[in-house]
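We did not get these values from a lab; they are worked out from the coordinates using the rules stated. The structure presented is a predicted model; accordingly, all values stated were derived computationally and were not measured. Glycine also receives a Cβ, built like all others from the backbone with ideal geometry; neighbour counts cover every protein chain displayed.
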There are 2 protein chains.
Amino acid sequence: MKLTILGCHSATPRAYHNPTAQVLEMKGHMFLIDCGEGAQIQLRRNKVKFSRIKHIFISHLHGDHFFGLVGLISTFRLLGREAELHVYGPKGIKEAITLQLKLGNSWTNFPLLFHELESDQAETIFEDKTLSVTTIPLNHRVYTNGFLFQEKEGERKLNIEAAVKAKIDHSYFSKLKQGFDVKNMKGDTIENAQVTFPPDPPKSYAFCSDTLYYPAIVPQITNSTVLYHEATFLQSHEELCEKTKHSTAAQAGLIAKAAQVGTLILGHYSGRYADLNDFKEEAQQHFDTVELAEDGKVFHFD
Amino acid sequence: MKLTILGCHSATPRAYHNPTAQVLEMKGHMFLIDCGEGAQIQLRRNKVKFSRIKHIFISHLHGDHFFGLVGLISTFRLLGREAELHVYGPKGIKEAITLQLKLGNSWTNFPLLFHELESDQAETIFEDKTLSVTTIPLNHRVYTNGFLFQEKEGERKLNIEAAVKAKIDHSYFSKLKQGFDVKNMKGDTIENAQVTFPPDPPKSYAFCSDTLYYPAIVPQITNSTVLYHEATFLQSHEELCEKTKHSTAAQAGLIAKAAQVGTLILGHYSGRYADLNDFKEEAQQHFDTVELAEDGKVFHFD
């Protein structure tokens, strides 16, 4: 599981700070989460292969989270993309994108599939054999979802040495990985656990931005490997949270603590602060393992 | 007259190259011409004061010329802008922008006034005491206008030394600048030309992008001080011009020559070429005074 921060600043792009966009690599997928203006430039600078992006998740329709989407889709078109692209986001996103493509007489050659969201309940919006993606309804000024990316339990791992010693023919190895007991070449039944290791524990990534402090999300994100939680303000501006429906770093720490996540990553910083370390310190009043998102930073969680 | 190139590359933003956007400073105005994705970031990097931009001209609705507009307008809103903003562009631009602002529940607090264009004839779309802006109908894949910015003849310049020597009271100086003869303190009539210099010759700037080689524009832009003309291709790819409705550098040189402009600036380069000097050389086969646009480059024409 690898997370690349393309942008993690709030409100507007600045000369050298980008609005929200990030790429999550999980089980061979490359998910783009939010797509603020300039996301495609950041993808290029961070050498993310455009063709590997097949699913884009948009949390809400504020500009700093989606104004880069139409440009990215247009660029896919100009690059001759043929593969399907799936876009998940609030109702209205399809009209906003298609209108602009239509005005430029630039409809895509590749299938562009919108999955518009309007439920206020968590719902699984993508699933395959290896993972699922579920919405996390958040509390913001407009309809907003976070997203929970959850790996499924994988196959057991073969203990090759033990399997050879137990004289199991290698044609049975895939059965072993699937957890079955098998017979060896002598006809004896070999218990699976004797020749395999348990699978890696499934990892999960909860993306929660933008939102007011909202403990209602805790049950859904409990035990997540990683939680990205917005931290627009420091405590000194806590009074702005209610009006703007944003959180402080300390509140992000409280959510991480209550949900017992592995690591908390902070982002969506307001531009009014000079030192990001203040965010980390305030979150750490409640939760120890805190990381700061920064544009271009890559996190590996193996 | 000062021109700041924010971006001058075609098709898509790249890691370190920006799509079309430029700022023309003329007679105290700060005109933004086209607004590709990232234009607001380039404005910040080039230290252009956002509040001085009151008029934005959009040539056509391809993404590399207008996908940065909605983000810039949103940023104006977040910065608390109160002044009117006028946007001139093809029919449809209003719907594209307002739909996105509506979806984000982010309508502007300042008056946002759209002037939608659909005529295929040149028309004056802005005018005040000092200058006028006229469309230049171009020949591209979608409805496209260039823009001709023309200063009006200014006031005559006072020859202070001569005026004092001629014993003219300074209360008459503004009359002199307006071209009138006046009486001196002795009651003698003083001819205007004896105590004033002619005004600076009016300057003009013709922005022509994107377009197929289109000599029909020559009469309108003849004698322009500066012509910015797209040069997407070199001669080696001339066969792509008809299909894409773009020009070569040599064709831009031919237009500059026919229109007898002062300076030709090339831009809108395709990303397939390594050395921009090839564009200059090819244009100079037909016209001498050629400049290359580059992101962040500033041209002064005084």
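Structure data summary
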| read-out | value |
| --- | --- |
| Chain A: most fluctuating residue of A:Tyr214, A:Tyr172, A:Tyr228 per GNM, C-alpha cutoff 10 Å | A:Tyr172 |
| Computed Rg/Rh of region A:207-285, alpha carbon atoms with Kirkwood Rh | 0.94 |
| Hydrodynamic radius (Kirkwood) for chain A, which is based on Cα pairs only, to one decimal in Å | 20.7 |
| FRET efficiency, 1/(1 + (r/R0)^6) with R0 41 Å, evaluated for A:Lys177 and B:Phe50 via beta carbons | 0.10 |
| GluC sites (Glu not before Pro) within region B:157-251, DSSP loop, no more than 12 other Cβ atoms inside 10 Å | B:Glu191, B:Glu239 |
| Label point 7 Å beyond Cα along the C-beta direction, distances from B:Ala193 to other copies (nm, shortest first) | 11.1 |
| For chain A, built as a Gaussian network whose Cα springs stay under 10 Å, the top-fluctuating residue of A:Gln121, A:Gln150, A:Gln260 | A:Gln121 |
| Loop-located chymotrypsin sites (Phe, Trp or Tyr not before Pro) in region B:1-83 whose Cβ has at most 13 other Cβ within 10 Å (DSSP) | B:Tyr16 |
| GNM top mover of A:Ile97, A:Ile58, A:Ile265 - chain A, alpha-carbon springs below 10 Å | A:Ile97 |
| Cβ crowding within 10 Å averaged over residues, with A:78-85, B:33-40, B:292-299 ranked highest first | B:33-40, B:292-299, A:78-85 |
| Nm distances between copies for B:Ala122, ranked from closest, using label points 7 Å along Cα→Cβ | 6.5 |
| For region A:42-103 and region B:169-183, distance of Cα centres in Å | 62 |
| Centre separation in Å (Cα based) which lies between region A:245-302 and region B:238-293 | 51 |
| Net charge dipole size for the protein assembly as shown [Lys, Arg +1 and Asp, Glu -1 on Cβ; Debye, nearest 20] | 220 |
| Calculated FRET value between A:Glu161 and A:Thr289, using beta carbons and R₀ = 35 Å, to 0.05 | 0.50 |
| Cα-Cα over 21 Å, subset of A:Lys102/B:Lys243; A:Lys91/A:Lys297; A:Lys54/B:Lys94; B:Lys152/B:Lys177; B:Lys91/B:Lys203 | A:Lys91/A:Lys297; A:Lys54/B:Lys94; B:Lys91/B:Lys203 |
| Sites B:Lys186 and B:Lys129 - FRET efficiency at Förster radius 51 Å, r taken between beta-carbons, to 0.05 | 0.90 |
| Chain B, helix-only ellipticity at 222 nm - DSSP H runs n ≥ 4, -39,500 (n - 2.57), divided by all residues, nearest 500 | -6000 deg cm²/dmol |
| Inter-probe distance in nm under a simple model that places probes 7 Å from Cα toward Cβ, at B:Glu25 and A:Val218 | 5.6 |
| Shortest-first nm distances, A:Lys102 label point to equivalent points in other copies (7 Å, Cα→Cβ) | 1.3 |
| Exercise: per-residue mean of other protein chain Cβ atoms within 10 Å, A:68-81 | 4 |
| Calculated Rg and Dmax of the protein assembly as shown using C-alpha coordinates, Å | 30.6, 132 |
| Extension gain from A:Thr98 to A:His86, taking 0.36 nm per residue of separation minus the Cα-Cα distance | 2.9 nm |
